[in-house]
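Down below is the structure, laid out as structure tokens.
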Amino acid sequence: MSSSRYPGVGLLGPFCRGHEITCQFGYRHLICKPVDKPQDPLLNTPNMTLWVSATFGEQFLVNRHSWKNSPDLLYLIYCYLHNDTYLAVQQSEAQIISIIALALEQRALLVIPLDNE
């Protein structure tokens, strides 16, 4: 995994400002809360197709790139969403995917493309 050019992305705990995820096509995306969105004028707009339905968010998360993402990325995003480092231990991966997808639909999390598509 490559390091992000945005401060706080990929960190753990209260200093975390989001995580990078690679989609099934190899494009990098930033998943962050709206308050943690980097103030970069060249940053792309959030992917609004994930706001339509939680099903689109679930498909995006399930079909993520298998070897360009860390195996515990979903747990890290879940912990970032809830500001808790131990909460994800109690959930299965399918439950975590549905909770994150619902947060994407409710705009509690943004998915911002980092690569030019």
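Worth pointing out:
- Sulfur and carbon atoms: percent of accessible area, the chain [1.4 Å]: 56
- Computed lengthening from Tyr27 to Asp84, 0.36 nm per intervening residue step minus Cα-Cα distance: 17.7 nm
- Beta bridges by DSSP in the chain, antiparallel share as percent, to the nearest 5: 100
- Protection proxy ranking, highest mean first, for peptides 52-62, 97-107: 97-107, 52-62, where packing is the per-residue count of other beta-carbon atoms within 10 Å, averaged.
- Most mobile of Ile96, Ile31, Ile77 in a GNM of the chain (Cα contacts under 10 Å): Ile96
- Principal axes of the chain: Cα extent on each, largest first, Å: 38, 29, 28
- Taking amide H as placed 1.01 Å from N in the peptide plane, Leu110 has its amide H under 5 Å from the amide H of Cys32, Lys33, each at least 5 places away in sequence or on another chain.
- 3J(HN,Hα) from dihedral phi, segment 27-44, Karplus parametrisation 6.51/-1.76/1.60, rounded to Hz, x for glycine, proline: 8, 8, 9, 9, 9, 8, 7, x, 6, 9, 4, x, 8, 10, x, 8, 6, 5
The values are calculated or read from the model by the stated rules, or taken from the named source; none is laboratory data. Given the structure is predicted, the values throughout are model-derived calculations rather than measurements. For neighbour counting, all protein chains shown are included, and Cβ atoms are generated from backbone atoms with ideal geometry for every residue, glycine included. The accessibility values were calculated without ligands, DNA or RNA, using every heavy atom of the protein model including side chains. Shrake-Rupley method; radii C 1.70, N 1.55, O 1.52, S 1.80 Å.
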